[in-house]
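Remarks on the structure that follows.
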Amino acid sequence: MKHHIRALLFDLDGVVVTTDRLHHAGWKRLCDELGWAFPQELGESLRGVGRIDAMHLIARHNGKDLEAARANELANRKNDYYRASLDQISEDDLIPGALGFIDQAKAEGVACAICSSSKNAEHILEKLALTDKFDVIISGNHITRSKPDPEVFLKAAEALGVPPYHCLVLEDAVAGVEGALAAKMKCIGIGDATELFMAPDVAADFSTIDLCAVLDSGRCSRPEPNGWHLVENALRPKRMLYWESVFAVTNGMIGVRGNLEEETEGFPSYPATQLNGIVGYAPYHFMWAFPGYPERGHRVLNCVEWTHIKLTVDGEVFDLKHPGLQSHRRWLDMQTGVLHRRFVFATANGTEVTVATRRMASMVCRHLAAIEYAVTVSADCEVSIENRIEAAPQSRHFPEKGMEA
């Protein structure tokens, strides 16, 4: 194989072409006729959702419960409004850089497909003379379940003859990202990284994507050359536990997972300090058991939790959702074994706060692990640092109680 990625599966609306304004106008016209509310945020949440499912979502937003026949009737009426407006669509509605990206991919011998929940996908492609750009087109006319169900992506992979493992989906909607991950495919979100936090990687637009990196690794770009430093530049909730493992510091006797010092709701974390040989026991299950096989196995225990630090500046408690967060970077120096972290945020009154941390497990004194937590501020303010220690924290394999010493 020339590349690991052998097929690119594109959502249509929001990735290749934008018809948001036309969809929104159609739903708004229908809701106005019914006397229903249709706020902007509701319209944005319908991206990637099938027409009937979208109709039920709008109805529920307005406190209505539609029978299937009525939902179909209203959804078809909206579709009539939408199809009538498609005469207005033109090359100006193409997503910048999308066609060039597709042409480059095909030049590399990579198959390209459209995977859309819309039953109008073929009509739009024909209107824009894009049909011949794609090897396969799977639309709402070919599926029974809309995104986030993975059906549309799996059908495209089957039609292309490419296993899901070698497919990459480009999506702009949360429902599409969920569907791609459910299909066990790689995925790149196109748009806002905050909204598409579930996507393994996100690009603001096609100009920021390195096609060769995509085809070789499923990522938007190649890692920057950091020498001996292993670097995390972007905070993604779905990757927090991964980085905690990668950024662990240890000296063979004591090990500390690389969790962040501050706790943030929605960012999963498993802070743990573990000592070599301090274990608990749990039943060991075999598919086939024979006499002499062990009946239990051991799991390393979380011995103490000492890394939590609560930072407060002028009454504002910092966490990763702080609105003033400007930058955040972590790196593990593989030569020294020291984990570094640096982040900058601004308080509501404009004070700029810079925090630099270092964490290590000593190779000289094997019972020692330490964190340096340094705060620098741009103006006079009140800074509070609180450290919380749990002597008997829970362990992942033994959630019912903490360690007993």
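What are the residue pairs meeting all of these: first residue in the range 78-95, first residue of a type in the set (Gly, Ala, Ser), second residue not in a helix (DSSP H, G or I), Cβ atoms under 9 Å, and 6 or more apart or on different chains?
These pairs meet every condition: SER85/THR19; SER90/LEU128.
Any idea how many residues of the range 32-65 are open to solvent by less than 40 Å² (accessible area, probe 1.4 Å) and within 23 Å of ASN120 (Cα to Cα)?
11
Here is a check on your reading of the model: is ASP20 at pLDDT below 90 and either open to solvent by 60 Å² or more (accessible area, probe 1.4 Å) or farther than 21 Å from GLY179 by Cα (or both)?
No, not satisfied.
Do we find that GLY297 is assigned to a strand (DSSP E or B) and either hydroxyl-bearing (Ser, Thr, Tyr) or loosely packed, with under 14 Cβ neighbours inside 10 Å (or both) in this structure?
In short, yes.
Among the residues of the range 66-116, write down those that are open to solvent by less than 50 Å² (accessible area, probe 1.4 Å) and among the acidic types (Asp, Glu).
Across the range 66-116, the qualifying residue is only ASP93.
Identify the single condition in (1) in a strand (DSSP E or B); (2) without any contact (Cβ under 8 Å) to a residue 12 or more places away in the chain that LEU332 does not satisfy, given that it satisfies every other one.
Every condition holds for LEU332 apart from (2).
Among the listed residues GLY26, GLY35, which satisfies the condition of being at pLDDT below 90, over 28 Å from the mean Cα position of the chain (by Cα) and not basic (Lys, Arg)?
GLY26
Any idea which residue in the range 271-290 is modelled with the lowest pLDDT, counting only those that are surrounded by 10 or more Cβ atoms within 10 Å (Cβ to Cβ) and not in a loop (DSSP other than H, G, I, E, B)?
Among them, the one singled out is ALA282.
Only one of these conditions is not met by GLY266: (1) free of Cβ contacts under 8 Å to residues at least 40 places away in the same chain; (2) open to solvent by 20 Å² or more (accessible area, probe 1.4 Å). Which number is it?
So the condition that GLY266 fails would be (1).
Applying the selection to the range 336-360, what residues are within 23 Å of GLY258 (Cβ to Cβ) and more than 31 Å from the chain's Cα centre (by Cα)?
THR336
Does PHE247 satisfy being modelled with pLDDT under 95 and either of a type in the set (Gly, Ala, Ser) or surrounded by 15 or more Cβ atoms within 10 Å (Cβ to Cβ) (or both)?
no
Which of the residues belonging to the range 334-381 are surrounded by fewer than 15 Cβ atoms within 10 Å (Cβ to Cβ) and polar (S, T, N, Q)?
GLN335, THR336, ASN349, THR376, SER378
Please indicate, with yes or no, whether at least one residue in the range 48-62 is farther than 15 Å from SER118 by Cα and free of Cβ contacts under 8 Å to residues at least 12 places away in the same chain.
Yes, that holds for at least one residue.
Determine whether the range 104-111 contains at least one residue that is within 30 Å of GLY218 (Cβ to Cβ) and of a type in the set (D, E, K, R).
Among the residues of the range 104-111, at least one is within 30 Å of GLY218 (Cβ to Cβ) and of a type in the set (D, E, K, R), which makes the answer yes.
The values are calculated or read from the model by the stated rules, or taken from the named source; none is laboratory data. Bear in mind the structure is a predicted one, so any value in this text is a computation, not a measurement. So basically every Cβ, Gly included, is an ideal-geometry build from the backbone, and we count neighbours across all protein chains shown. Keep in mind that these areas ignore ligands, DNA and RNA; they rest on the heavy atoms of the full protein, side chains included. Shrake-Rupley method; radii C 1.70, N 1.55, O 1.52, S 1.80 Å.
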